[in-house]
Amino acid sequence: MHGFKSKFILISFFIFSHVFVFGQIYQFKQYNIEEGLSHPFVYTINTDVNGYVWVGTGEGLCKFDGFNFGVSKQNDTLTSGFVTSSFFDSKGLLWFGHNSGDVTYYDGKKFNILNSQKLLSSSITDITGDDKGNVYIVSQNNGLLRVNKQFAIDTFTNAFSGKIIYSILYTENSNFLIGTSEGLSIYNIKNKEIEKISTISELSYISIQSINSGKKDKSFWIGTEDSGFYLLKFKDDTYETYEIVNVGEKYEFGFENIQSVFEDKDNNIWVSSFGKGILKLIPENTEEYKFNKVIHYSTLNGLPNNFIKEVFQDWEGNFWVATYGNGVAFSIDETFTFLYQDIQELKGNIISFEESESSIWLGGENVIARVEKITNEVKIFDKRNGLPEEKITSLYLDNKNVLWIGAEKSGVYRLNTNTNSISRFNLSSNSLENSINSIKGADDLVYIATKNGVIRYNSKTSNKEIFNTTTGLPHNDIRYVYIDSYKNPWIATKSNGIFVLNDSLKYVIEGNVNLNFSSIVEDNEGHLWAATYGDGVFKFSKDTIQYFSTDNGLKSNYCYSLIADNAGKIWVGHRLALSSINVKTLEIKSYGKEIGISGDCNYNAALKKESGIVYIGTTNGVVRYDSSKEKENKIVPKLNLTSILFSDNPYDINKPVELKYGIYKLKIGFVGLSYSDPMGVTYQYKLDGYDLEWSEITKDREVFYPRIEDGDYTFLLKACNSDGYCVENPFEIPISIQPPLWKRWWFILLLILAGIAGIFWVIKYRERKQKALQEYLETELNARTKEVVDQKELLEIKNRDITDSINYAQRIQQSILPSVNTINKYFSGAFVYYQPRDIVSGDFYWFDKVKNDKFIIVCADSTGHGVPGAFMSMIGTTLIKDICLRPDITSPSEVLHMLDKELQSTLNQNIDAERANDGMDIIVCEIDVKTHYMRFASAMRPIILYKNKKLQYVKGNKACIGGDPSAEKQFENSGFQLETGDIIYMFSDGFTDQFGGPRGKKFKIDRTKNMLADLCEMNMEQQHDYISKSFNDWRGRLNQVDDVLFMGVEV
């Protein structure tokens, strides 16, 4: 072996630049017994194939899901005693070494114990694996074991006789680095033979406690018991020439007990020591091990314990620290750090900020601290320099490098930053105007917000102006003045909006509101934001106002400060918390004790440095936010099932979910592992076969279904991390509940076969019964048929006799009705359209010439139709003829009066016991054949006159003939002088009431008028045909509803 020593040429490998920020506190989230950890002494940390974090402690293993620690019990097949080491192999098995010498491995579902109890009796110190899938286990006093893929074990003990083995690491080509109590050596293991190749002479007789691979080829980090840590780099594949560098001594770790040296994914080196905390070396680039920044984590700057076993980086990139006595420390992102908690004069309470070219100015109670940016030197200004003994509420550096100081009660002071002298500025004698809330400025103008308005001071002209309620301000207590990018001074006070001091610009919230505005800021898109005390945050754009509150995710509606960073976020200060609002997406996140905030944010104690770093003052130091260190988490959550309960009975989640038939309540617990922000993981789920749609987005980690019956289901689960990155394919859990007996396929098939057999038997049985029934029915049918035929013949005889009688009655009725020729003798023409519904009719007509050249025409519609109607028409005809020929009857109205009386008498309608309500609607028309003067009287029927080439509709009296004898009836005469060619139309209601047409409606009087308008120029015969055709066309295939009588007489 030829060693190439390079202990004294370290400069060629490293550039040392010790960079510490004064007063900077790093935050570590601590998990100890109070959080569920089984023991405060932690020896190893690892993750399994499902993504869970496993912590090996002095009392066994704990599994962590980001929320709770699950403590493994002995009945989980784990051996007793604490866990000393762990290793995740290429097959997905997680191996654990125990202090007792036992070895266990976990496949993601269950634990198994390696059958090595007879071979190992001392503590397992380290575990590693080679590129063939073999696992190598070393113990303090029992040498080395190799476990192949089939879990067969080979032992190598003779090569390590008398040596205590602490560490092992596979390199390549069957070569291993093995650290013992006597130094570091290289071994080659082939088949069942082990051969020592070389020894690192520089590390002789030094206990090698850890060996870890570096990211550079053939480079390794070595941790020793009391000689710090080294970088070992081999020159070639022979592993005979090398370079070794004592890195520890360059960083005052040359004699420390190093438990582990770990190189993370970003090539940072994490050195875990036993007594001196953690050293983090940050490389200048990824090509060489040259470090330009070093961070030393200890109890002085946030680490809970200086005795560190190891630092572990999980699959998400988070760092976990195994401490010896304080459990697990989780390294929170360095985006947030905490400053100036240890400046004694400030007592941690940072009330105001300002930044100059070389310094940061901090205002507190009774004191101002100036911190130099380069040297971190602190200079204190207090009452000895002329400051009042009260809160310094505001600091402002003007364009002449004069620091304006606002005091809570004593007004304004000015500090000359060149001479460090402080003088009081004569502001006002008014005590309210000396109570300063805020000072801001632009160019030569300084704006001072007080409890009695705003004072504007021109430092060039020394001119002072005051603005308050007397000059138009809505309130005197001005909480804040903000100068926007156009140098407009915006005012925050108690009002319904924010406005520029001269009222040239303003944003007003509509409605009767009066909000306590406390702060204003402008974002990188030029929009203004305003915070309130009690009513959240408002965003003011050109055309819209948006509102944000706890309903949208804001930590609190009480807002103390507001600042915009360079990354497009608005930061809102609250009590013990911060909220951030993304300007573009409007997503809101909140931060509190989980990132280390332990104080309340002070009013408008916020500063954005020239570098873009945001400072927020609290009652316990400064919260420092560096957006450049904020990393978006693109790793999606790892989904796991945590529990299944059927009707409150737990089910083994590692088994297929198959249940016997029943009706169950189902509760499913799950988790999306995302350790960077476990509370920010959101879920959507769906029980396929039960739910129709995906659930709403939720942060709940369990779901309950009150009633699940037999069937096949699939529980689908999706999750997104706090940065919105979601799993691509849903997590699936098939669930099968067996159907009941009567739903099984074989049972259904058996029922079908039995049903077929039963149907076949029924068919055969019914065929026999049907045949017998058919024979019986045929016999009965023949007998009944003969009986029916006989009855039919009898009915036909009777029907023929009745029909013959009615037909004979029709001939009698027709013989009574007068001939149309009688009218034609005295008038130009006439027609009678007479259409009974049945053989005989209830409608009738009568006309004849009576005394004194008078011609009487009657058109009547009796009650009923058919035989009853015919009887009425016979009575009516007889009575009309008799009445019209009486010498004392001189007018149509007298005819109707007499007819009404005679009909009631004839039908005995004046006898109450046997009253009949039969009657008739009738028109009696009298025409002087010489003068053509026409008089008519009507009972319920109109007439239509065609006179002077126009149709004229004339209504009749609203009283009928017959019916109620007690009714008062009035029949009046109406007279018209007719001329030659005039036509009188009379008709019964059977014509207008006939249903028909395309919609099956009545013909009605309007359609009758239109018809007469079409035919009145025709001769009487043509009119008769037209009316007949119109009626029959309208009726179509519908039955005739009543007797029809339509008469026309042309003068």
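A few remarks follow.
- For region 1009-1051, filtering for residues that are in contact (Cβ under 8 Å) with a residue 40 or more places away in the chain and assigned to a helix (DSSP H, G or I) leaves 12.
- Asn434 surrounded by 13 or more Cβ atoms within 10 Å (Cβ to Cβ), at positive phi and assigned to a loop (DSSP other than H, G, I, E, B): no
- Of the residues making up region 249-277, just one is more than 55 Å from the chain's Cα centre (by Cα) and of a type in the set (Gly, Ala, Ser), namely Gly254.
- Matching residues in region 521-552 - criterion: being loosely packed, with under 14 Cβ neighbours inside 10 Å and among the charged types (D, E, K, R): Glu525, Lys542, Asp543, Asp551
- When region 794-835 is filtered for residues that are among the aromatic types (Phe, Trp, Tyr), modelled with pLDDT of 80 or more and not in a strand (DSSP E or B), the ones remaining, listed by number, are Tyr826, Phe827.
- Enumeration of residues in region 573-621 that are among the small types (Gly, Ala, Ser) and over 25 Å from His527 (Cβ atoms): Gly592, Gly596, Ser598, Gly599, Gly621
- Asn948 meets each of the listed conditions (1) polar (S, T, N, Q); (2) without any contact (Cβ under 8 Å) to a residue 40 or more places away in the chain; (3) in contact with a Lys or Arg (Cβ under 9 Å, 6 or more places away or on another chain) apart from (3).
- Applying the criterion of being touching a strand residue (DSSP E or B) at 6+ places or on another chain (Cβ under 7 Å) and part of a loop (DSSP other than H, G, I, E, B) to the residues of region 319-343, the residue that is nearest to Asp565 (Cα to Cα) is Thr335.
One line per residue, one yes/no per condition, for (1) within 30 Å of Ile857 (Cα to Cα); (2) in contact (Cβ under 8 Å) with a residue 40 or more places away in the chain:
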residue: Glu778; (1), (2): no, no
residue: Asn782; (1), (2): no, no
residue: Glu787; (1), (2): no, no
residue: Asp790; (1), (2): no, no
residue: Leu795; (1), (2): no, no
residue: Arg800; (1), (2): no, no
residue: Ile806; (1), (2): yes, yes
residue: Ser815; (1), (2): yes, no
residue: Asn821; (1), (2): yes, no
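- Within region 342-358, the set of residues being without any contact (Cβ under 8 Å) to a residue 24 or more places away in the chain and surrounded by 20 or more Cβ atoms within 10 Å (Cβ to Cβ) comprises just one member, Leu346.
- Complete set of residues in region 468-495 that are in a strand (DSSP E or B) and within 25 Å of Gly526 (Cβ to Cβ): Tyr480, Val481, Tyr482, Ile483, Pro489, Trp490, Ile491, Ala492, Ser495
- Gly963 fulfils the conditions (1) at pLDDT 90 or above; (2) surrounded by 12 or more Cβ atoms within 10 Å (Cβ to Cβ) except for a single criterion, (1).
- Strands (runs of 3 or more DSSP E) fully within region 645-690 counting 2 or more residues that are exposed (fewer than 14 other Cβ atoms within 10 Å of the Cβ): 649-651
- Flag if Tyr705 is in contact (Cβ under 8 Å) with a residue 24 or more places away in the chain, part of a loop (DSSP other than H, G, I, E, B) and not basic (Lys, Arg): no
- Restricted to region 113-160, the set of strands (runs of 3 or more DSSP E) holding at least 3 residues that are at pLDDT 90 or above, within 55 Å of the chain's Cα centre (by Cα) and aliphatic (A, V, I, L, M) comprises 135-139.
- Only one entry in Ile211, Ile244 is surrounded by fewer than 23 Cβ atoms within 10 Å (Cβ to Cβ), among the aliphatic types (A, V, I, L, M) and farther than 30 Å from Tyr340 by Cβ, namely Ile244.
- Every residue from region 497-535 that is touching a residue at least 60 places away in the same chain (Cβ under 8 Å) and either over 33 Å from the mean Cα position of the chain (by Cα) or assigned to a strand (DSSP E or B) (or both): Ser518, Ser519
- Only one entry of Leu346, Leu395 meets the criterion of being within 24 Å of Ser518 (Cβ to Cβ), in a strand (DSSP E or B) and modelled with pLDDT of 90 or more, and that entry is Leu395.
The values are calculated or read from the model by the stated rules, or taken from the named source; none is laboratory data. None of the values given here were measured: they were computed from a predicted structure. When we count neighbours, we look across all protein chains shown, and the Cβ atoms used for this are built from the backbone with ideal geometry, even at glycine.
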